[in-house]
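The values are calculated or read from the model by the stated rules, or taken from the named source; none is laboratory data. In this text the structure is predicted, and so the values were computed from the model without any measurement. Glycine also receives a Cβ, built like all others from the backbone with ideal geometry; neighbour counts cover every protein chain displayed. The protein model used for the area step is the full one, side chains on, heavy atoms only, and it has no ligands, DNA or RNA in it. Shrake-Rupley method; radii C 1.70, N 1.55, O 1.52, S 1.80 Å.
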Amino acid sequence: MLRTLAGETVSPPPIWLMRQAGRYLPEYRATRAKAKTFLDLCFNPDLAVEVTLQPIRRYGFDASILFSDILVVPYALGQRVWFVEGEGPKLDPVTQAADLGRLDRSRVLASLQPVFETLRRLRRELPTETTLIGFAGAPWTVASYMVEGASGSDFARLKDFAYRDPDGFGALIDLVVAATVEYLSAQVEAGAEVLQLFDSWAGVLSEPQFRRWVIAPTRAIVDQLKQRCPGVPLIGFPRGAGMMYADYVRETGVTAVSLDTTVPMSLAGALQERCPVQGNLDPRALVVGGRALREEAQAILAALKGGPFVFNLGHGIVPETPPEHVAELIKIVRDRNA
Ligand code: CP3
């Protein structure tokens, strides 16, 4: 994984999967049942280490991603965050500049101490050849939850805030940028070797808004992390960025880019000329398995294995994925290139 992110072509390519720890695994569901709430699971180092390691033990992935959530940052800023079974995250929304007074950047590192403890223990417990990935949400996506108070559908509240009061919305984005830089630097100090920024809702913006709320804040994070954690690769995942992927790579300075399922191999290949690429199997092909899985995975491998490439999904694993299909996928990726 580290060699690939340094620009080498590695055969077979490294593989890990977004949301590789989660409800599709029976052992995750068993550990999840020991915590009262989802955030309790994220903030209990014993349990968080256990669920992070489960997919590594079962499959031997090349990288292990810290078990946590992007919404621990709003929580650490003092916003109320909770998860409703079957509905997803809920937050007490921040809808105008005046609400920013409820947030306090100075408490971020102290409230996230359990996450750093989880990373320190993981670094000790993981096999040395398994790369430890830390992560955060990108400011636009984190702000989307902070403003909408839940997973958005049309993002009306969020977009209206950004259009109506760009300075006020910019202050929220700046606050998230600052908190994210502190959070990610502390993750590196605690043992994270690679960082990923999840911008799950990057794909809903006009070009000027994309430049302002996706590219500029990501670039600010990349610039500051290059100062504070030189040499630590950062993977950007601007899901749904479409035609904007190339500008995102060029203008943010990310080390590598994670591609969503809709990115065609022609664009993926062009991006790979500039930086390592990661992706982008459709999580539904992994649910279905068999021929669909083989054909989709092999098309991606054929197109991208000739350059620096990390095999992954185009978005997170879904809970109904049969665990044996994940084993099958690893076999496809490793056999073909062995
Ligand atoms: O990849 C991993 O294995 C690491 C853990 C991880 C989780 N969330 C655990 C989780 C990571 C990297 C995330 C990132 C995350 N969280 C994103 C960005 C990636 C993406 O999926 O777009 C987003 C948008 C969130 C916010 C979030 N957290 C939502 C929308 C939900 C509810 C959806 C769902 O699947 O229930 C969560 C909850 C969540 N985060 C779960 C897990 C395993 C499921 C909760 C449970 O087990 O009860």
Tally, over the stretch 89-139, of residues that are among the β-branched types (Val, Ile, Thr) and under 19 Å from Leu41 (Cα atoms): 4
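When you look at Ala178, is it open to solvent by 10 Å² or more (accessible area, probe 1.4 Å) and free of Cβ contacts under 8 Å to residues at least 40 places away in the same chain, yes or no?
no
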Subset of the stretch 46-77 (residues that are more than 17 Å from the chain's Cα centre (by Cα) and near the ligand (Cβ under 10 Å from one of its atoms)): Gln54
Test: residue in the stretch 13-22 that is buried (at least 21 other Cβ atoms within 10 Å of the Cβ), over 28 Å from Asp335 (Cβ atoms) and either within 11 Å of the ligand (Cβ to nearest atom) or among the acidic types (Asp, Glu) (or both): no
Answer from Arg32, Arg80 - the residue that is touching a Leu at 6+ places or on another chain (Cβ under 7 Å) and closer than 25 Å to Gly170 by Cβ: Arg80
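Please return the ranges of helices (runs of 4 or more DSSP H) entirely within the stretch 78-152 where 2 or more residues are surrounded by 17 or more Cβ atoms within 10 Å (Cβ to Cβ), at positive phi and more than 14 Å from the ligand (Cβ to nearest atom).
none
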Any chance Glu189 is more than 30 Å from Glu125 (Cβ to Cβ) and open to solvent by 40 Å² or more (accessible area, probe 1.4 Å): no
Those helices (runs of 4 or more DSSP H) lying entirely in the stretch 271-338 with at least 3 residues open to solvent by 70 Å² or more (accessible area, probe 1.4 Å) and touching a His at 6+ places or on another chain (Cβ under 6 Å): none
Selection from the stretch 67-77 of residues that are open to solvent by less than 40 Å² (accessible area, probe 1.4 Å) and in contact with a strand residue (DSSP E or B) (Cβ under 6 Å, 6 or more places away or on another chain): Ile70, Leu71, Pro74
Given (1) open to solvent by 10 Å² or more (accessible area, probe 1.4 Å); (2) over 15 Å from the mean Cα position of the chain (by Cα), index of the condition Thr252 fails: (1)
Residue in the stretch 195-208 that is nearest to the ligand (Cβ to nearest atom), counting only those that are out of contact with any Lys or Arg (no Cβ under 8 Å at 6 or more places or on another chain) and of a type outside the set (A, V, I, L, M, F, W, C): Gln196
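Which residues, counting only those in the stretch 260-270, are part of a helix (DSSP H, G or I) and open to solvent by 10 Å² or more (accessible area, probe 1.4 Å)?
First, the residues of the stretch 260-270 that are part of a helix (DSSP H, G or I): 265-270.
Met265, Ser266, Leu267, Gly269, Ala270, listed by residue number.
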